[in-house]
Amino acid sequence: MLLLKFLVFCSLLINWGCLGIPSTALDETSWHSDAFLRNGGQRTKPKNAVSDKEISDTALKIWNSVKDLNVQYDGVTHKGKPLKLFTENQRTLRLDPYFSRLFGFYNARLGVEDPCVRTSACKDAQNSFIENISQDKGPISILHGFLSGKGLFKGDYKAFKESLQTIWFKPYSRSRGVLDSSAFEHVFLGEIRDNAVMGLHNWMRMYDEELGGRFVLTRDGNYFPTAKPAVANVIFTWNGFPKNQGSTFFMKKSPAVETALYTLCFMARPGQNCPIDLGSFQLNVKTFAWTKDKGLIGTAYPEIP
């Protein structure tokens with residue numbers, strides 16, 4: 001009798017997805033949150049705890065370390081034409097070449113190995129990206145100084161850049177056991193699973209895909225309610241697949257600033273709310289560890305309060 005009860009219990013666990021919850025069963029946030037906890041994550045501050053104020057002060061320094069890019073958003077219908085996220089006069093905007101160079105090395109379909117896994121040119125592009133965002137006195141330099149001072153990272157700047165390489169670019173599997181994903185691909189480029197979009201929280205990627213006709217807004221954007229909006233949530237289809245819960249993203253920030261902010265919250269508030277007070281407004285950043293390796297990012301994005 002006890003054996004029968006045990007078998008029934010195991011069957012329920014499998015049906016509930018303890019061996020891998022289907023992406024259709026939970027939204028992106030709850031999937032990563034639950035997976036983080038299932039794999040030993042704890043909603044407690046790191047051993048060398050830092051205060052919310054210390055995190056906010058560092059985030060503000062990172063935020064202001066690079067001037068906002070001159071990006072103009074539209075998000076409205078013009079005379080029956082489809083919704084556009086970016087204004088027509090932004091059609092020739094020049095993207096960060098170190099960032100956009102990485103676009104072609106990834107396959108959005110989960111379950112298919114990313115070309116980057118076996119391509120030396122991709123590794124070179126990754127190294128170039130990390131080196132470019134890690135310039136002296138920039139966002140990554142500020143981040144390293146803070147984390148080192150608080151004991152959240154032990155190592156020199158070279159070691160920190162190597163750690164960033166691992167956190168953001170180490171490939172892992174989300175489907176079928178093949179190396180089809182990474183933190184960078186999920187957060188910045190986007191992925192497709194079960195005919196739905198996952199991730200994709202970056203304006204440069206959205207811009208490039210909208211320019212190519214692959215990114216289509218399906219509803220007006222929900223912009224952060226400030227005089228100069230900094231964060232937005234948009235509902236869209238990408239390559240014909242929907243993201244019905246939408247994606248939140250920083251609207252005018254460089255890849256260096258975004259990478260630094262996400263890494264800050266991942267290392268100081270993993271799996272928790274990471275409240276950031278930027279003076280004129282407050283926001284929250286969510287980061288969750290990858291399900292099978294808590295040293296890697298599973299997802300990261302800003303939240304609109």
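The values are calculated or read from the model by the stated rules, or taken from the named source; none is laboratory data. It should be emphasised that the depicted structure is a prediction, and the values quoted were computed from it without experimental measurement. Note that we place each Cβ from the backbone using ideal geometry, even for glycine, and neighbour counts take in every protein chain shown. The accessibility values were calculated without ligands, DNA or RNA, using every heavy atom of the protein model including side chains. Shrake-Rupley method; radii C 1.70, N 1.55, O 1.52, S 1.80 Å.
Mind checking whether some residue in region 184-191 is under 20 Å from the mean Cα position of the chain (by Cα), crowded, with 18+ Cβ neighbours inside 10 Å, more than 26 Å from Gly246 (Cα to Cα) and in contact (Cβ under 8 Å) with a residue 60 or more places away in the chain? No, region 184-191 has no match at all. Within region 69-109, restricting attention to residues that are at pLDDT 90 or above and in a loop (DSSP other than H, G, I, E, B), which residue is most open to solvent (accessible area, probe 1.4 Å)? Ranking the qualifying residues of region 69-109, first place goes to Arg101. Picking from residues in region 287-305 that are open to solvent by 30 Å² or more (accessible area, probe 1.4 Å), of a type outside the set (Gly, Ala, Ser) and part of a strand (DSSP E or B), the one that is farthest from Pro139 (Cα to Cα) is Asp293. Scanning region 116-138 for residues that are open to solvent by 60 Å² or more (accessible area, probe 1.4 Å) and outside any loop (DSSP other than H, G, I, E, B) yields Arg118, Ser120, Lys123, Asp124, Asn127, Glu131.
Pairing each residue of region 97-123 that is within 10 Å of Pro171 (Cβ to Cβ) and in contact (Cβ under 8 Å) with a residue 40 or more places away in the chain with any residue that is basic (Lys, Arg) and surrounded by fewer than 16 Cβ atoms within 10 Å (Cβ to Cβ), provided the two are 6+ apart or on different chains, yields C-beta distances under 8 Å for Cys116/Lys123. When restricted to residues that are open to solvent by less than 30 Å² (accessible area, probe 1.4 Å) and either in a helix (DSSP H, G or I) or under 18 Å from Trp63 (Cβ atoms) (or both), region 164-179 contains 4. Annotation: of all residues in region 262-285 being touching a strand residue (DSSP E or B) at 6+ places or on another chain (Cβ under 6 Å) and either without any contact (Cβ under 8 Å) to a residue 12 or more places away in the chain or in a strand (DSSP E or B) (or both), the one that is most open to solvent (accessible area, probe 1.4 Å) is Asn273.
In the condition set (1) modelled with pLDDT of 90 or more; (2) within 20 Å of the chain's Cα centre (by Cα), Ser33 is compliant with all but (1).
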